[in-house]
Each structure stands twice: as C-alpha cells, then as structure tokens.
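Take a look at the structure below.
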Amino acid sequence: MSTAITVGEYGGPEVLTLSRIATPEPEPGQVRIRVRATAVNPIDARIRAGMMQDVFPVVFPMVPGWDVAGVVDKVGEGATAAVGDAVFGVAAAGGYSEYAVLDRPFLKPEELSFETAAAMVTVGEAAYRAIEHLGVRPGQTLLVHGAGGSVGTVAVQVAAARGITVIGTAGAQDIERVTGLGAHAVLYGEGWAARVEAAAPAGVDSVFDTSGAGVLADSVALAGDAGKVITIADPAFAEHGVRFTGMDPADRCPEALPHLADLIAAGKLDIPVWRTYPLAEAARAHADIEARRHQGKVVLLP
C-alpha cells in the first residue's frame with residue numbers, strides 16, 4: 001500500500017483526500033517510479049470540479065494528475081529505463097501519489113530538477129503540440145490566449161524561437177513578463193479583440209486558446225477560419241467548430257518532451273515553478289490555482 005490523493009466525487013478542492021491505495025505494479029514495457037515531484041495543472045481542477053465531463057470522463061474513485069518525475073524502482077519486461085534512473089513523463093494512472101507507472105519514461109537531464117522536469121510535461125507538450133497542429137510557419141502571426149499562464153508562456157517561447165510573430169493576451173500583472181518572453185502582449189478583458197487587431201493590422205494566421213475564457217467566437221472571426229483555431233481549455237469548442245486537442249492520446253506529441261528538456265537544460269526555455277506543496281496539501285494547491293494566485297507552475301512533493 002502507498003499514499004495518494006483520491007477524488008470520490010466531483011466538487012471543490014475539499015474532495016481531494018489523502019488515502020491509502022494499492023501500490024501500482026509495472027506491466028511489460030512500463031516502469032514504476034518513486035515519485036519525487038508531481039505537477040498540478042489547471043485542467044486537473046476543472047476535471048475535479050466536473051467541468052470537463054464530456055471531454056475527460058472519469059470513474060470514481062480516481063487519482064488525479066499526470067505529470068511526474070522520480071526515480072525508477074521497478075521495471076516491467078522490455079522497459080526502456082533501468083532501476084535507479086531519474087526519469088520524467090506521463091503517469092499511466094494518477095500522478096498525485098507516492099508511486100506511479102509510466103509507459104514511456106524519458107531520462108531526466110542532470111541540469112533539470114525533479115520539480116522542473118515534472119512541471120514541463122503537460123504544459124510543454126501541449127504548447128508544442130498546438131503549434132505543430134496549427135502548422136504555424138516562421139513569419140506568420142500566432143495569437144496565444146492566456147499567454148501569461150503556464151502553457152501560454154511555453155507556447156510564446158517556442159513560437160518566438162521559431163521566428164513566429166506572437167500576440168499574447170494577458171492580465172495586467174503579466175503584460176511585462178509576456179513581453180519579455182518575446183510576444184506583443186495585449187491586455188485581456190473587454191475590448192481585447194480590437195486591441196489584437198490594432199497590434200496585428202495584417203491579421204492573425206492562427207489562434208491557440210489556453211484560457212478557456214469564452215474567446216472562441218471572436219478568435220474564429222480574427223483568424224477567418226475555425227480550422228485555424230485550437231483550444232485546450234474551452235469545453236464549448238464544438239459550438240464554434242474549433243478543434244479541441246488533448247482528448248485523444250494519439251493526438252499528442254510525446255516526442256516533444258526530450259526536445260523541450262534539452263532546451264531547458266541549455267537555458268533556452270524557462271519553466272518557472274511558483275510554489276511546491278506536500279502531497280497532503282493538494283487541496284490548497286488547487287485552491288491557489290483556482291484563485292489564480294499562482295504565477296508559474298504548482299508542484300506537489302510526495
């Protein structure tokens with residue numbers, strides 16, 4: 001038996017419960033790790049609250065979370081990592097736990113802390129995936145909603161490094177930071193679409209919505225085509241003919257992770273960790289995320 005955070009019903013942060021569960025065993029090709037860090041993502045809170053039932057249905061009780069980093073302590077036949085390796089990746093089952101099983105572990109560069117390695121997984125892959133799916137090319141213009149958030153900041157950095165012009169909507173407190181990452185920052189809120197038009201008089205070629213804040217209709221109008229808009233956060237995507245990426249595992253780009261890890265190790269990509277919490281304080285971590293107190297990634301330390 002080992003310790004994990006479980007959810008028995010949809011609800012607020014209080015439904016996150018410290019529990020004893022059966023320690024997972026690796027199947028062929030898998031590794032089990034002693035988790036050293038688990039990232040908390042805003043989508044974890046949305047799933048917990050029941051806001052994503054049509055996209056991510058769950059069976060209770062569940063262990064939330066996916067993004068983990070730790071040390072391999074047991075391997076299945078044919079696994080690609082060995083006992084004692086420091087690895088990171090996506091947990092096959094819930095990641096808010098002492099132990100997790102990975103289908104595809106990636107070796108952690110020594111330059112990355114466990115906290116940074118875990119923090120990078122979902123946000124890095126999501127940002128990389130959206131840019132790839134949108135097919136944005138150097139010289140084109142990409143609008144990133146929520147450019148001050150964890151996925152948004154990665155998308156800004158990756159796109160800018162590729163020679164893509166980035167317009168980023170952000171709150172007042174994030175304008176300077178988003179500008180420093182290489183985007184033309186535009187204040188979010190009423191009138192944002194007009195401000196984007198002023199910042200990009202030639203128009204925007206693609207839109208990546210990381211915010212889920214009801215911006216899809218105006219985004220389609222700005223891009224001129226629903227096929228040029230992708231969201232990872234708005235459950236109303238179908239109403240606007242917009243693609244939601246992330247539901248189907250086959251849609252994801254796990255090959256992005258070692259590439260992004262190398263960029264971080266080389267100092268070319270920054271994944272700020274705002275705060276770490278003991279595993280038992282997962283509810284406080286969720287409450288901080290939902291209150292938008294965080295500026296950077298939130299990480300649990302089992």
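The values are calculated or read from the model by the stated rules, or taken from the named source; none is laboratory data. Worth saying up front: this structure is predicted, and the values here are computed from it rather than measured. Note that each Cβ is placed from the backbone with ideal geometry, even for glycine, and that neighbours are counted across all protein chains shown.
Assorted remarks:
- Among all residues of region 182-193, there is none that is within 24 Å of residue 221 (Cα to Cα) and touching a Leu at 6+ places or on another chain (Cβ under 6 Å).
- Residue 233 in contact with a Gly (Cβ under 6 Å, 6 or more places away or on another chain), buried (at least 20 other Cβ atoms within 10 Å of the Cβ) and assigned by TED's automatic domain parsing to the domain that holds residue 213: yes
- Odd one out for residue 48, checked against (1) at positive phi; (2) crowded, with 21+ Cβ neighbours inside 10 Å: (1)
- Top-ranked residue of region 101-121 - restricted to ones that are small (Gly, Ala, Ser) and farther than 26 Å from residue 77 by Cα, ranked as surrounded by the most Cβ atoms within 10 Å (Cβ to Cβ): 119
- Residue 257 in a helix (DSSP H, G or I) and either crowded, with 18+ Cβ neighbours inside 10 Å or at pLDDT below 95 (or both): yes
- Number of the exception - residue 271 against (1) crowded, with 17+ Cβ neighbours inside 10 Å; (2) out of contact with any Gly (no Cβ under 9 Å at 6 or more places or on another chain): (2)
- Residue 283 falls short on exactly one of the conditions (1) part of a loop (DSSP other than H, G, I, E, B); (2) touching an Asp or Glu at 6+ places or on another chain (Cβ under 9 Å), and that condition is (1).
- The number of residues in region 150-197 that are surrounded by fewer than 24 Cβ atoms within 10 Å (Cβ to Cβ), under 17 Å from residue 124 (Cβ atoms) and either of a type in the set (Gly, Ala, Ser) or in contact with a His (Cβ under 6 Å, 6 or more places away or on another chain) (or both) comes to 3.
Okay, residues lined up against (1) in contact with a helix residue (DSSP H, G or I) (Cβ under 6 Å, 6 or more places away or on another chain); (2) more than 15 Å from residue 5 (Cα to Cα); (3) outside the structural domain of residue 212 (by TED's automatic domain parsing):
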residue	(1), (2), (3)
44	no, no, yes
51	no, yes, yes
55	no, yes, yes
61	no, no, yes
64	yes, no, yes
76	no, yes, yes
79	no, yes, yes
85	no, yes, yes
88	yes, yes, yes
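- Checking each residue in region 128-157 for being touching a residue at least 60 places away in the same chain (Cβ under 8 Å) and part of a helix (DSSP H, G or I) picks out 128, 129, 130, 131, 132, 133, 134, 150, 151, 153, 154, 157.
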